Structure formats: C-alpha cells, structure tokens
Amino acid sequence: MFNDIGPLELVTLIILAVLVFGPDKLPKVIQDVSRTIRKIREFSESAKNDIREELGPEFKDFEFEDLNPKTFIRKQLDNEDLGLKEIRNGFDLKKEMAEVTDAVHAREADASSASPSGSSGGRIDMTKKPETPGRDDRPPFDADAT
C-alpha cells in the first residue's frame, strides 16, 4: 500500500501529523485509524467468505484477485496444460531473424545473377538504396506548395 513512500516523505507525514493533531492527541488518532482499518479488513474478509459460500463447493479455489484481467491472463499463460512455456522457450528470435536474413540475401544474389541488367521483371527492389539525384537534377518546383 505504501510501497512508493520514501523516507523523506514519511518524515514529512509524521511532522505534519504532529502539527495538525498535536503530540497529546496523536496516539489516540493512530489507535482510531488502526481500529478502523482492522474493521474494514474484517468486513472485507467476511464478505469474501460469504460470496465463496454462496458460490458453492465447485468454486472453493476461487480467488478474487483472478478478477483482475492481468492476473487472470498471467495465470492462464503459466498453466502447464497448455504447453505455452515449451513454445516460448523453443522460439529463438535470433535464429529466426538469421534465417530470414539468409533467405533475403540468397534471393537477392539469385536475382542479380539471373538478370545482369539489374531489372527484376518490372518489380522495384526495395533493398537497394535509391539513387541520389545529381547536382543539376532538381526536384520539381510547386509554387502552390510553398
């Protein structure tokens, strides 16, 4: 609950509490707050137990944390019955990328050896860099665009 409060912030809260409630009333306020938190937790646990009893014995393993979509998906992905861990561990991204790169380079080498002129049957080669225009070649000027 208070995982993101640092030591400086905690000291600031303590000093603020002493200034607001005073050193005489502060222990009573702390007791009242802790008693209220305890009652809320007891009420929450009681409500959870009542819901579990109403659902019946087939939902005895039901956890309310499973209603969170992230927790539900993580639990389902970690399920051993699906075999997803083996799939995840068997997938090697570097190997797959190396195979794709080799296939592209082999296809490129085949295309350049098959047609010495460099044209690939009307297809544009996206792997080559476009030719840079010469110094005298200017792009068309459009007065309306400027």
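The values are calculated or read from the model by the stated rules, or taken from the named source; none is laboratory data. The structure displayed is predicted, hence computed values, not measured ones. Reconstructed Cβ throughout: ideal geometry from the backbone, glycine too, with neighbour counts over all protein chains shown. Remember, those area values only see protein heavy atoms, side chains included, never the ligands or the DNA or RNA. Shrake-Rupley method; radii C 1.70, N 1.55, O 1.52, S 1.80 Å.
Quick notes on this one:
- Within the stretch 52-64, being in a helix (DSSP H, G or I) and open to solvent by less than 100 Å² (accessible area, probe 1.4 Å) holds for R52, L55, F59, F64.
- Only one of P7, P116 that is modelled with pLDDT of 85 or more and surrounded by fewer than 11 Cβ atoms within 10 Å (Cβ to Cβ): P7
- Residue check for A17: touching a Leu at 6+ places or on another chain (Cβ under 7 Å), assigned to a helix (DSSP H, G or I) and hydrophobic (A, V, I, L, M, F, W, C): yes
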